[in-house]
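K.L.:
The structure that follows is given in the form of structure tokens.
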Amino acid sequence: MASIKPFICIRPRVDVASRVAALPYDVYDRQEAKQEVGREPLSFLRIDRAETEFDDSVDMYDPKVYKKAKELLDKNIEDGIFIKDEVECYYIYELCMDNRAQTGIVACASIDDYLSNVIKKHENTREDKELDRITHVDVCNAQTGPIFLTYRSNNIINQMVNEIKKEEPIYNFIANDGVSHKVWKLDDKEKITIIRDAFSKINQIYIADGHHRAASAVKVGLKRRKENPQYTGNEEYNYFLSVLFPDEQLMIMPYNRAVKDLNGLNKDEFIEKIEANFAVSLIGLEPYQPKEKGTFGMFLDGKWYALRAKEHLNTIDDPVKSLDVSLLQDYLLYPILGIVDPRTDSRIDFIGGIRGLKELERRVSEDMAVAFSMYPTSIDELLAVSDADKLMPPKSTWFEPKLRSGLFIHELS
């Protein structure tokens, strides 16, 4: 039974919300983050990536970077850039991209639900990436980037959300990337109780995106428990900032692949080996985006090809091994191109579907030998893998639009 609670939120003033709201910290490299902060000084990226305040000679994980993040957050609160609501609230958060909207509930999820697998995961996390966010959350005493959760659509919650959306939003702006953001504040105790009770009857919540942020928040909570052995379980550090969306509203984009070389093969030898498991058709110069599961695009030597998994690959009865990303890895990238571990192999790169197929062509023209366009993993496949307590291959899903950081801050004490 999921515990999804309202919280006292620290959030930007209405007149600066659009300037504060920032894409997640991990979509930028250091130089890109610096450029964005230079473009918009109020961007929350200054706090999320406080190394942008220092010369590049300063290590981004230096303790003074996290201290600076805390200083910047405190100063923004002191200067009135951020305000603090007086009572616990839920927030309704709608994002709209390309005329497609998805609406979630901003709330706090329980670290105990994470530990007991009520909140299910589908990715491994890396300790170095966890440590960065653990330190950031602990030093700032706040969670600043929400975890993207999903659940199987619920009529009671849907009806309540739709009712609240008839009211005036507290935020309503369009970001530089064209994504519109609307937020409604829900402080009505009766409606809060209805939503909280509805979540308490849901057996499974799923992490869609933000596995490292979730793992880091949980570890900070466990650290605080150890430091406070008389804890009751109601302290704010026992919960982590989340936005929860019904599964039917989510869109997953493909996560494409590119490889630097053909593992010593020439083009004809490479295609011949592929044909053992995939039917290969020459498309030509027109970029090829797969339209159904079991099909792949391939850009090689200036031309596009369509690959279709042969019948024996379509009968695999396993939620992980039957994924398109698994078929490509297990029957082409590993046996033919020698990509043993895509997590660590420097010869492979992953390109989010938001960048389009022209980006695959550009990479092959510059630093890659071959690129593959994917059919996106479905939300049903993600839930099936999570329900089986299994893990997806790396870079299986690319969610759009991205949640903004800085609109909602959850203070831990």
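Since every read-out is calculated from the coordinates, none of them should be taken as a lab result. Small disclaimer: the values here were computed from a predicted structure and weren't measured. Here Cβ is always computed from backbone atoms with ideal geometry, including for glycine, and neighbour counts include all displayed protein chains.
K.L.:
Going 7 Å from the Cα of residue 280 along its beta-carbon direction, which residues of the stretch 363-402 have the amide nitrogen within less than 20 Å of the resulting point?
P.N.:
Those under the cut-off are 364-365, 368-375.
K.L.:
Please arrange 103, 193 by how many other C-beta atoms lie within 10 Å of their C-beta, fewest to most.
P.N.:
193, 103
K.L.:
Compute, for the chain, the length of the dipole vector about the Cα centre, with Cβ point charges of +1 (Lys, Arg) and -1 (Asp, Glu) only. Units Debye, rounded to 20.
P.N.:
340
K.L.:
If you don't mind, there's one more thing I want to ask. Under a Cβ-only charge scheme (Lys and Arg +1, Asp and Glu -1), can you give me the dipole magnitude of the stretch 255-375 about the Cα centre, in debye to the nearest 20?
P.N.:
Once rounded to the nearest 20, the dipole reads 280 debye.
K.L.:
Given Cβ point charges of +1 (Lys, Arg) and -1 (Asp, Glu) and nothing else, what value in debye, to the nearest 20, does the dipole of the stretch 1-104 about its Cα centre take?
P.N.:
The calculation lands at about 200 debye.
K.L.:
Hey, what angle do you get for helix 189-200 against the long axis of the chain, alpha-carbon based, 0 to 90 degrees rounded to 10?
P.N.:
40
K.L.:
Just to confirm a number: summing +1 for Lys and Arg and -1 for Asp and Glu over residues other than residue 198 whose beta-carbon lies under 14 angstrom from that of residue 198, what do you get?
P.N.:
+2
K.L.:
Give the angle, between 0 and 90 degrees and rounded to the nearest 10, that separates the Cα long axis of helix 155-164 from the longest principal axis of the Cα atoms of the chain.
P.N.:
60
K.L.:
Using a basic spin-label model with each label point 7 Å from the Cα along Cα→Cβ, how many nm lie between residue 293 and residue 203?
P.N.:
It is 2.2 nm.
K.L.:
On to the next question. Can you sort 96, 140 so the residue with the fewest Cβ neighbours within 10 Å comes first?
P.N.:
Exposure proxy ranking, most exposed first: 96, 140.
K.L.:
Filter the trypsin sites (Lys or Arg not before Pro) in the stretch 296-379 to those in DSSP coil with at most 16 other Cβ atoms within 10 Å of their Cβ, and list the result.
P.N.:
Of the trypsin sites (Lys or Arg not before Pro), the ones in loops of the stretch 296-379 whose Cβ has at most 16 other Cβ atoms within 10 Å are 310, 321, 343, 347.
K.L.:
Once you put a point 7 Å from the Cα of residue 265 and another 7 Å from the Cα of residue 78, both along the Cβ direction, what distance in nm separates them?
P.N.:
6.2
K.L.:
Within the stretch 367-413, which trypsin sites (Lys or Arg not before Pro) sit in a loop by DSSP and count at most 14 neighbouring Cβ atoms inside 10 Å?
P.N.:
Sites meeting the loop and neighbour criteria: 390.
K.L.:
Also, I was wondering about something else. Based on other C-beta atoms within 10 Å, arrange 115, 332, 313 from fewest to most.
P.N.:
115, 313, 332
K.L.:
Quote the relative contact order of the stretch 255-375 in percent (integer), defining contacts as alpha-carbon pairs under 8 Å separated by 6+ residues.
P.N.:
Normalised by residue count, the contact order of the stretch 255-375 is 45 percent.
K.L.:
Which whole-Hz couplings ³J(HN,Hα) result when phi for each residue of the stretch 238-244 is put into the Karplus expression 6.51 cos²θ - 1.76 cosθ + 1.60, θ = phi - 60°, listed in order with x for Gly and Pro?
P.N.:
With the stated coefficients, the stretch 238-244 comes to 7, 9, 10, 5, 8, 10, 10 Hz.
K.L.:
Testing the spin-label approximation: label points 7 Å from Cα along Cα→Cβ at residue 57 and residue 190. State their distance in nm.
P.N.:
6.5
K.L.:
Could you work out the relative contact order of the chain? I mean the mean sequence separation of Cα pairs under 8 Å and 6+ apart, divided by the number of residues, in percent.
P.N.:
After rounding, I find 24 percent.
K.L.:
Which pairs, out of 120/182; 34/166; 70/165; 67/201; 310/390, put more than 31 Å between their alpha-carbon atoms?
P.N.:
34/166; 70/165; 67/201
K.L.:
Please state the shape class of the stretch 279-358: rounded when a/c is under 1.5, otherwise prolate if a/b exceeds b/c and oblate if not, all from the C-alpha gyration tensor.
P.N.:
Verdict is oblate for the stretch 279-358.
K.L.:
While we're looking at this one, here's another question. May I ask which residue of 271, 337, 356 lies farthest towards the positive end of the charge dipole of the stretch 255-375, with charges of +1 (Lys, Arg) and -1 (Asp, Glu) on Cβ and the Cα centre as origin?
P.N.:
356
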